[in-house]
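These notes concern the structure reproduced below.
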């Protein structure tokens, strides 16, 4: 397994130079404390923890997995000690409100830590990771009593949280869920039902686990309009607010998974477990979207994490592994063969991984800044603008980046050749761990329908226009900058094509709604390449400006330009195929009779 090294220079480039985080933090309430010195210290210390503590446990977690005995789950060797250090370092409380015991730093700063934790050890990062969405839901919709009871200890990390949505008979179609909530005389509810695929549903890291559970009240209407959300703790709080009586819920089994073995994925059985209604009845699904949107951005980070770790492993290997001679002449004449990094096809794979990782970092950090603004700005119009932009970007980030993350993980294994297929090197673990990312928190297909159907067509294209206007403004500002015309001109053309394709799809959908489902995957992927092209063009502008001004880091900025060029020449052309596919219509998918699928 590659030993993770935090890519601090690129993290700082995206934050400070591409996205101007210093100005961003000074413009949002609560961001004043995030001075450059503080941000740098946080990132440095976070990198040290991830490299020295979490990375060595990554392969341990995969090989040992979790164990279940009498309803109790034990995590792999070293995880409990690592989690204790995680709490002691104050990492869970970094961006929570100071009133709740948090440090009050901007939420986007936590994305940097989430990236490093996730890349070093994705299975570990999932234990505290879901707590943030759980806390956000309680903060936004919980009663004062619920906030006081649960949030302070979740902020410190002493307690963790989950979201319990899926049931055996329904995956993403939550309108089919059957878990019931029966009112008790004391104002609480008896929750009965089974939930599956609950990440970190049971473990030995925290003193309590706070479950947010979707269930139906006796008078609930059918479908998604009849869903309520309840807070159901593993241990009920005693008079002092500490864990007391064990609630009647239990982990019935652990899923046998392809990857992320170090994280407990549980079947949770609720047997008249005591729960408390959050907010109003029958509004649970809308409340949970607070949590799910955060979880989806968190899942997008897995696309970045798998790309970065695979790239680090395969780059080191490609520099050392000797095989064959360069076609243009020996590059290692004193050795029996040349290192494989000299071969064009190996470089293609390495550059693909590098480009995906750096693209993902830029997109996620950009989305995180929009989240900061939507949550903290004093300007209502600015908040609404950022919230709408974030809503548009979320399905793209989640689905596009995880699809490319799986690609990068596979490319990493391919660089190793046969060695990549065996456990010794750890590259096949990255592939196995990455594969779930395109599935959970809404599959790629579901995210694609959300983007094209809900976010774009249902808003008559307004959500798309909000983003394409930003692209248009950038292209207009850089129209006379000949040094980056190779990036600006194709971006400008694509930006127009994006709008034109959307208009044509909207017209087709008016005649046949199946056209939306038929085009949605390719539309999402096209959109992902378009957003990425914008970010790479901005990156090229920064890099070119730094080189023209004179810099001691010439190699770094030249590499940025070269990577941008690789993306525009080698990866962006993929968007043309997606455009052709989305415009080919639904008939080639829907005309075949079901019985003709048989073989």
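The values are calculated or read from the model by the stated rules, or taken from the named source; none is laboratory data. In this text, all values refer to a predicted model and were calculated from it rather than measured experimentally. Every residue, glycine among them, receives a Cβ derived from its backbone with ideal geometry; neighbour counts consider all protein chains shown.
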Any residue in the stretch 381-399 that's outside the structural domain of residue 363 (by TED's automatic domain parsing) and touching a residue at least 60 places away in the same chain (Cβ under 8 Å): show its pairings with residues that are surrounded by fewer than 21 Cβ atoms within 10 Å (Cβ to Cβ) and not in a helix (DSSP H, G or I) at Cβ separation under 7 Å, as long as the two are six or more apart or on different chains.
none
When restricted to 201, 193, the only residue outside the structural domain of residue 423 (by TED's automatic domain parsing), crowded, with 23+ Cβ neighbours inside 10 Å, touching a strand residue (DSSP E or B) at 6+ places or on another chain (Cβ under 7 Å) and at pLDDT 95 or above is 201
Requiring at least 2 residues that are free of Cβ contacts under 8 Å to residues at least 24 places away in the same chain and over 22 Å from residue 127 (Cβ atoms), the strands (runs of 3 or more DSSP E) wholly within the stretch 237-355 are 243-246
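So that you can scan it fast, the table gives a plain yes or no per residue for (1) touching a helix residue (DSSP H, G or I) at 6+ places or on another chain (Cβ under 6 Å); (2) assigned by TED's automatic domain parsing to the domain that holds residue 443; (3) more than 18 Å from residue 471 (Cα to Cα); (4) part of a helix (DSSP H, G or I):
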| residue | (1), (2), (3), (4) |
| --- | --- |
| 500 | no, no, no, yes |
| 506 | yes, no, yes, yes |
| 515 | yes, no, yes, yes |
| 522 | yes, no, yes, yes |
| 527 | yes, no, no, yes |
| 533 | yes, no, no, yes |
| 560 | yes, no, yes, yes |
Tell me which of these residue 257 doesn't satisfy, since it passes every other one: (1) farther than 25 Å from residue 439 by Cα; (2) in contact with a helix residue (DSSP H, G or I) (Cβ under 8 Å, 6 or more places away or on another chain).
(1)
Can you tell me which condition residue 428 does not meet? The list is (1) touching a residue at least 24 places away in the same chain (Cβ under 8 Å); (2) surrounded by 20 or more Cβ atoms within 10 Å (Cβ to Cβ), and all the others hold.
(1)
